Amino acid sequence: MGRWFQENITEAGKLPLLLALASFVLTFLITRTITRLIRAGIGPFRDITAGGTHIHHAVPGVVLTVVGGFGAVGSGRQGVTAALCAVVFGIGAGLLLDEFALIVHIDDVYWTEQGRQSVEVVVLTAALVLLVLSGFSPLDVDSLSPAERQDRANLALTLGLNFLLVLITLAKGRPRTAIIGTLVPFVALFGALRLARPGSPWARRCYRSRPRARARALLRAYRHDRRWDGPRRRFQNLLGGTPDPPAARE
């Protein structure tokens, strides 16, 4: 295990990325635990206010992300400074993305249905970083041989084809599949071949005069949502807490 870590993480220059991922996930879990305790009125934790204004933890998150990001760029990929900057960046990113929904909606939707977007973004970010740590690179450039990398035509064709698949997947209303497809081309190919989600740009344009295709897309989406909405919601509630019901928010 030690030799594998030395060869694949340390010597490959991925230690800062691993530290950033670990601090990112740990910060998110600790932050969600504290906010749930505050919500339940348990423990000494309280919201931070200044002059009557609630200071969201996205604010220090932005500061730490900027400091850690610029520090990492200036320090290189190895050394104590790079490792420290990676940890600072991971902490900042964890605080920031935990309130991703607030940034999108410009409203305090932390404990609402829209607040689930923050949990989705955090999980997706962690999954993408894990793929990079595993050896995947954007658009699968790492699968090219040295000779192919020197051949600009092959490189441009590979990038263009993979990018096209990602765009098609995105147009079909599958953003998560499209993002993962930038690292795993097979996923983008799978998403590009599947039926578009109802209401997506692809469905509105290509299924306009194809009632059978629209019906199949609606049925496929209904079955998919009925099967996976329950487990996805339970997983999101486990990580981020159960949203307030609409009546309680009113």
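Summed over the range 30-40, the residues that are in contact (Cβ under 8 Å) with a residue 24 or more places away in the chain and not charged (D, E, K, R) give a count of 2. If you check Ala203, Ala217, Ala213, which single one turns out to be more than 30 Å from Arg32 (Cβ to Cβ), open to solvent by less than 50 Å² (accessible area, probe 1.4 Å) and touching a residue at least 24 places away in the same chain (Cβ under 8 Å)? Exactly one of Ala203, Ala217, Ala213 is more than 30 Å from Arg32 (Cβ to Cβ), open to solvent by less than 50 Å² (accessible area, probe 1.4 Å) and touching a residue at least 24 places away in the same chain (Cβ under 8 Å), namely Ala203. Across the range 43-57, what is the total count of residues that are open to solvent by 70 Å² or more (accessible area, probe 1.4 Å) and either touching a strand residue (DSSP E or B) at 6+ places or on another chain (Cβ under 7 Å) or among the aromatic types (Phe, Trp, Tyr) (or both)? Qualifying residue count for the region: 2.
Counted as qualifying within the range 1-120 are the helices (runs of 4 or more DSSP H) with 1 or more residues that are of a type in the set (Gly, Ala, Ser) and closer than 30 Å to Arg232 by Cα, namely 15-40, 58-75, 80-97, 100-105. Here is a check on your reading of the model: is Ala93 under 28 Å from Arg174 (Cα atoms) and touching a helix residue (DSSP H, G or I) at 6+ places or on another chain (Cβ under 6 Å)? Yes; evaluated as a whole, the condition is true for this residue. Against the test of being free of Cβ contacts under 8 Å to residues at least 60 places away in the same chain and within 27 Å of Pro243 (Cβ to Cβ), the options Gly71, Gly51, Gly43 yield a single qualifying residue, Gly43. Figure legend. Inter-residue proximity from the range 146-164: first residues of a type outside the set (A, V, I, L, M, F, W, C), second residues at pLDDT 75 or above and open to solvent by less than 60 Å² (accessible area, probe 1.4 Å), beta-carbon distance below 9 Å, spacing 6+ or different chains. Indicated pairs: Glu148/Thr158; Thr158/Pro185; Asn162/Gly181; Asn162/Thr182; Asn162/Pro185; Asn162/Ala188. Contact map, the range 233-250: first residue farther than 21 Å from Ala126 by Cα, second residue part of a helix (DSSP H, G or I) and at pLDDT 80 or above, Cβ cut-off under 7 Å, separation 6 or more or different chains; pairs are Pro243/Glu113; Pro243/Gly115; Pro243/Arg116. Whether a residue is surrounded by 11 or more Cβ atoms within 10 Å (Cβ to Cβ) and closer than 24 Å to Gln117 by Cα was assessed, and Gly230 does not pass this test. Between Asp98, Asp107, which is open to solvent by 70 Å² or more (accessible area, probe 1.4 Å) and either charged (D, E, K, R) or on the phi > 0 side of the Ramachandran plot (or both)? From the options Asp98, Asp107, the qualifying one is Asp107.
As a summary of the residue check, Ile91 satisfies the conditions (1) modelled with pLDDT under 90; (2) hydrophobic (A, V, I, L, M, F, W, C); (3) surrounded by 20 or more Cβ atoms within 10 Å (Cβ to Cβ) except for the one numbered (1).
Among the numbered conditions (1) open to solvent by less than 50 Å² (accessible area, probe 1.4 Å); (2) within 23 Å of Leu15 (Cβ to Cβ); (3) within 17 Å of the chain's Cα centre (by Cα), the only one that Cys85 does not meet is (3). If you go through the range 58-73 and keep only what is open to solvent by less than 40 Å² (accessible area, probe 1.4 Å) and not hydrophobic (A, V, I, L, M, F, W, C), you end up with Gly61, Thr65, Gly68, Gly69, Gly71.
The values are calculated or read from the model by the stated rules, or taken from the named source; none is laboratory data. All figures in this text were calculated on a predicted structure; none of them were measured in a lab. We place every Cβ from the backbone using ideal geometry, glycine too, and count neighbours over all the protein chains shown. Each accessible area value is taken on the protein alone, full model and side chains, heavy atoms only, with ligands, DNA and RNA left out. Shrake-Rupley method; radii C 1.70, N 1.55, O 1.52, S 1.80 Å.
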